[in-house]
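Undergrad: Below: one structure in structure tokens.
The values are calculated or read from the model by the stated rules, or taken from the named source; none is laboratory data. Just so it is clear, the model here is predicted, and its values are computed rather than measured. FYI the Cβ positions are ideal-geometry reconstructions off the backbone, even for glycines, and counts take in every protein chain you see.
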């Protein structure tokens, strides 16, 4: 089935999304900073065989209108994303997200009037005070610009450093292009995520949680605490994977989300083929 794009009107303007699938449970996906819903391009058709899958561009990223200022907080982003989800008819979805997207999924679940059926989280930013301060001060330097294209080399170096020197060229290209699209505000949601502590909302969430994480993800060491905080949680670690499960192993990522969704929404069960 073909993935289609669309826009939902919200208090901040339009939120862009990609959608695949016409029946089955709703699945909503949120991306890491500073990228876009493009990171789910390979995942959406796989989910769309058995679900109504939607990947949103965080406000200010991809093709979504930006928030009113750089000082917007994660619950504010989540409120607007909940408006977008409601606008397209999502009811009791399974929400998933990676890094910033994980925090957005947790807070959007709290903002949706009907709640969610479950959460699929990869890299929950349960930072201590020292880690929070370090990320806030060091993670988002100003993008360099000159007439030789220093910004592009900087972007390549950045993603080779944080995603690994062996990152596949197509993933490196995707990441750098998306970063360059929002170079003047790439840090907005990053900084909001570093300021935000998702612990209380995760602990308050009544729906089941699947922690679907790469073994060597930057935030994999936070999974044990996430397991302790959530009321009903399980951990599935993708062995040997350095990070980015949705990009590096989209088949496995989609299969695990579908299996989880079918388990927690039994009324939606249908044969998988």
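Undergrad: Considering 116, 120, which residue is at negative phi, modelled with pLDDT of 95 or more and part of a loop (DSSP other than H, G, I, E, B)?
TA: 116
Undergrad: Select from the stretch 180-197 the residues that are surrounded by 22 or more Cβ atoms within 10 Å (Cβ to Cβ), in a helix (DSSP H, G or I) and touching a helix residue (DSSP H, G or I) at 6+ places or on another chain (Cβ under 7 Å) and list them in ascending order.
TA: Listed by number, the residues that qualify are 189, 192, 193, 194.
Table: residues versus (1) outside any helix (DSSP H, G or I); (2) under 20 Å from the mean Cα position of the chain (by Cα); (3) modelled with pLDDT of 95 or more.
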site	(1), (2), (3)
226	no, yes, yes
231	yes, no, yes
237	yes, yes, yes
242	yes, yes, yes
247	no, yes, yes
252	no, yes, yes
255	no, yes, yes
259	no, yes, yes
271	yes, no, no
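Undergrad: Which count do you get for residues in the stretch 116-137 that are farther than 19 Å from residue 211 by Cβ and in contact (Cβ under 8 Å) with a residue 60 or more places away in the chain?
TA: Residues in the stretch 116-137 being farther than 19 Å from residue 211 by Cβ and in contact (Cβ under 8 Å) with a residue 60 or more places away in the chain: 1 in total.
Undergrad: Another one. Name the pairs: first residue in the stretch 226-237 and at positive phi, second residue part of a helix (DSSP H, G or I) and surrounded by 18 or more Cβ atoms within 10 Å (Cβ to Cβ), Cβ to Cβ under 9 Å, at least 6 apart or on different chains?
TA: Close Cβ pairs satisfying both conditions: none exist.
Undergrad: Could I ask something else about it? Which condition breaks for residue 170 when tested against (1) outside any loop (DSSP other than H, G, I, E, B); (2) free of Cβ contacts under 8 Å to residues at least 12 places away in the same chain; (3) crowded, with 16+ Cβ neighbours inside 10 Å?
TA: Against the list (1) outside any loop (DSSP other than H, G, I, E, B); (2) free of Cβ contacts under 8 Å to residues at least 12 places away in the same chain; (3) crowded, with 16+ Cβ neighbours inside 10 Å, residue 170 comes up short only on (3).
Undergrad: Scan the stretch 92-111 residue by residue and report those that are in a loop (DSSP other than H, G, I, E, B) and either touching a helix residue (DSSP H, G or I) at 6+ places or on another chain (Cβ under 8 Å) or modelled with pLDDT under 95 (or both). Can you show your working first?
TA: First pass over the stretch 92-111, keeping only residues in a loop (DSSP other than H, G, I, E, B): 92-93, 99.
93, 99 - these are the residues of the stretch 92-111 that are in a loop (DSSP other than H, G, I, E, B) and either touching a helix residue (DSSP H, G or I) at 6+ places or on another chain (Cβ under 8 Å) or modelled with pLDDT under 95 (or both).
A quick yes/no check of all residues on (1) within 30 Å of residue 94 (Cα to Cα); (2) in a helix (DSSP H, G or I):
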| site | (1), (2) |
| --- | --- |
| 124 | yes, no |
| 131 | yes, yes |
| 140 | no, no |
| 152 | no, yes |
| 159 | yes, yes |
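Undergrad: Another question about this same structure. So which strands (runs of 3 or more DSSP E) stay within the stretch 1-75 end to end and still have 3 or more residues that are at positive phi, crowded, with 17+ Cβ neighbours inside 10 Å and touching a residue at least 60 places away in the same chain (Cβ under 8 Å)?
TA: So the answer is none; nothing clears 3.
Undergrad: What about residue 213, is it within 17 Å of the chain's Cα centre (by Cα), in the same structural domain as residue 263 (by TED's automatic domain parsing), surrounded by 14 or more Cβ atoms within 10 Å (Cβ to Cβ) and not in a strand (DSSP E or B)?
TA: In short, no.
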